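Student: Below is one structure. I have some questions about it.
The values are calculated or read from the model by the stated rules, or taken from the named source; none is laboratory data. Because the structure is a prediction, the values reported are computed rather than measured. Counting neighbours? That spans all protein chains shown, and the Cβs are built from the backbone with ideal geometry, glycine included.
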Amino acid sequence: MTGPVPPIRNLLFVCTGNICRSPMAEWLLRKLLEDRSILEVQVRSAGFIALPGNPATHIAMVVAKEHGIDLSQHRAQPLTSSLIRDADLILVMEPEHRRELLYHRSEAAAKVFLLRHFAPSGDRDREIADPYGMDMEAYRLCFQEIRECVESLFHWLSGIRCR
């Protein structure tokens, strides 16, 4: 991101089903913000093909819990026009998610980025692979990648807030 950054009050993470990647990112960022008493940032997540009300996958819950993140209250929600409109920043997991979102809502282009845009190193244009249907190790690798990006995002958000 370049140039002056407006305040980020509403942040939205988006993945495919809203039961693995985006909930892990959402609840991790919520915890980081809460731990620092930053309460004015609303964090949500949604999925392109989310079934409303579905919980996070069991393995996602177990892996998140290993890092002190509780996903038990998460319920999937589909990506809607109002979520897109209300978000100041939308972070997607795959380049295809960005293309799909912008195909339907081109006016959102300035606020839609890959989560890996905030990666501290490596290729910032690649996806964060979907662990759905994979084993525990795939979920752990996914969580680690999300954590690196979300922690970097958190520091960036903290920097904006302190200006």
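Student: Of the residues 84, 59, 90, which is modelled with pLDDT of 95 or more and over 14 Å from the mean Cα position of the chain (by Cα)?
Tutor: Just one listed residue meets the conditions, 59.
Student: Here is a further query. Determine which member of the set 108, 64 is surrounded by fewer than 21 Cβ atoms within 10 Å (Cβ to Cβ), at pLDDT 95 or above and of a type in the set (A, V, I, L, M, F, W, C).
Tutor: From the options 108, 64, the qualifying one is 108.
Student: Take the residues of the stretch 113-163 that are among the aliphatic types (A, V, I, L, M), modelled with pLDDT of 95 or more and farther than 12 Å from residue 91 by Cβ: which is surrounded by the most Cβ atoms within 10 Å (Cβ to Cβ)?
Tutor: The residue in question is 138.
Student: Taking the stretch 14-43 on its own, how many of its residues are surrounded by 23 or more Cβ atoms within 10 Å (Cβ to Cβ), assigned to a loop (DSSP other than H, G, I, E, B) and among the polar types (S, T, N, Q)?
Tutor: 1
Student: A further question follows. In the stretch 50-65, which residues are assigned to a loop (DSSP other than H, G, I, E, B) and within 11 Å of residue 24 (Cβ to Cβ)?
Tutor: Within the stretch 50-65, 56, 57 qualify.
Student: May I pose another question? Go through (1) within 18 Å of residue 152 (Cα to Cα); (2) out of contact with any helix residue (DSSP H, G or I) (no Cβ under 9 Å at 6 or more places or on another chain); (3) not β-branched (Val, Ile, Thr) and name the single condition residue 106 misses.
Tutor: (1)
Student: Within the stretch 109-134, how many residues are on the phi < 0 side of the Ramachandran plot, small (Gly, Ala, Ser) and either out of contact with any helix residue (DSSP H, G or I) (no Cβ under 6 Å at 6 or more places or on another chain) or free of Cβ contacts under 8 Å to residues at least 12 places away in the same chain (or both)?
Tutor: The total comes to 4.
Student: Right, something else. In this structure, does residue 94 turn out to be buried (at least 19 other Cβ atoms within 10 Å of the Cβ), out of contact with any Phe, Trp or Tyr (no Cβ under 6 Å at 6 or more places or on another chain) and under 16 Å from residue 49 (Cα atoms)?
Tutor: yes
Student: Applying the selection to the stretch 44-58, what residues are touching a helix residue (DSSP H, G or I) at 6+ places or on another chain (Cβ under 7 Å) and surrounded by 20 or more Cβ atoms within 10 Å (Cβ to Cβ)?
Tutor: 45, 46, 47, 56
Student: Restricting to helices (runs of 4 or more DSSP H) lying wholly in the stretch 66-163: which have 2 or more residues that are of a type in the set (Gly, Ala, Ser)?
Tutor: Those helices (runs of 4 or more DSSP H) span 81-86, 136-162.
Student: May I ask you to say which residue of 9, 44, 21, 75 is of a type in the set (Lys, Arg), touching a Gly at 6+ places or on another chain (Cβ under 7 Å) and in contact (Cβ under 8 Å) with a residue 12 or more places away in the chain?
Tutor: 75
Student: In this structure, does residue 108 turn out to be closer than 27 Å to residue 125 by Cβ, under 14 Å from the mean Cα position of the chain (by Cα) and small (Gly, Ala, Ser)?
Tutor: In short, no.
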